[in-house]
Amino acid sequence: MLRFKTYETFREIVIDAPLKMRYAVSNYGRLISYTQTFEDGRELSGGRADGYRTLHYKFRDGESEKKKNKYIFLYRAVAEFFIPKTSDEQVYVLHLDRKRDNDHISNLRWATRAEMLEHSRTSPYVIAAKTRKVLGNGKLTSTQVIRLKKRLQDPKRKTRLRMLAKEFGISEMQLRRIKTGENWGHIVV
């Protein structure tokens, strides 16, 4: 027996394959499977794809009799059923709190491409990833890079690049990128 929450409504997800069960999603982001009515359904946790909740199903293709896999992102289903678009340019759905598994209607909104890019640019996860990228791959510290750059610029250096890379625990390609300034270019010696 499914327990409904206050002001929760369900809409059936139309699936283009013959399945034993029917599926519905609520404005609270809950997924259920049922046979006849929503009341006789049971709540499903669904699958995951890159942190997003999904409805994953398999069916046999009529022509080739091959099994096919399909999935539906629940956040998109919630947005399509419960959030009206204000323009045709709004094709992306944003998670306002940036938690990919929070599919509640109050956490979702339609957005244009520009709004989506701005939303991702201001994400603390993206900012942290960029900071890690600027600081390098995590194997070297700024002090080590300064020492490495000084050794690379030394005209009397007899150590080969391969040996320097091994000494600092990085690849030769990483060492060449540091030498050209592609990586760690903000540190000038």
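Computed from the coordinates by the stated procedures, all read-outs in this text should not be read as laboratory data. Nothing here was measured: the structure is a model prediction, and the numbers come from that model. Here the Cβ is made from the backbone with ideal geometry for all residues, glycine too, and neighbour counts use every protein chain on show.
When residues in region 41-56 are screened for being surrounded by fewer than 12 Cβ atoms within 10 Å (Cβ to Cβ) and either under 20 Å from the mean Cα position of the chain (by Cα) or of a type outside the set (Lys, Arg) (or both), 3 of them pass. When each of Glu65, Glu80, Glu39 is tested for being closer than 14 Å to Val93 by Cβ and of a type in the set (D, E, K, R), the lone residue that passes is Glu80.
Screening Phe59 against (1) under 17 Å from the mean Cα position of the chain (by Cα); (2) among the hydrophobic types (A, V, I, L, M, F, W, C); (3) part of a strand (DSSP E or B) leaves a single unmet condition, (1).
Lys20 meets each of the listed conditions (1) loosely packed, with under 15 Cβ neighbours inside 10 Å; (2) at negative phi; (3) in contact (Cβ under 8 Å) with a residue 40 or more places away in the chain apart from (3). For region 82-106, the candidate set comprises residues that are in a loop (DSSP other than H, G, I, E, B) and touching a residue at least 60 places away in the same chain (Cβ under 8 Å); within that set, the residue that is surrounded by the most Cβ atoms within 10 Å (Cβ to Cβ) is Asp103.
Looking only at residues of region 1-55 that are assigned to a loop (DSSP other than H, G, I, E, B) and of a type in the set (Gly, Ala, Ser), we find that the one that is nearest to Ala79 (Cα to Cα) is Gly29.
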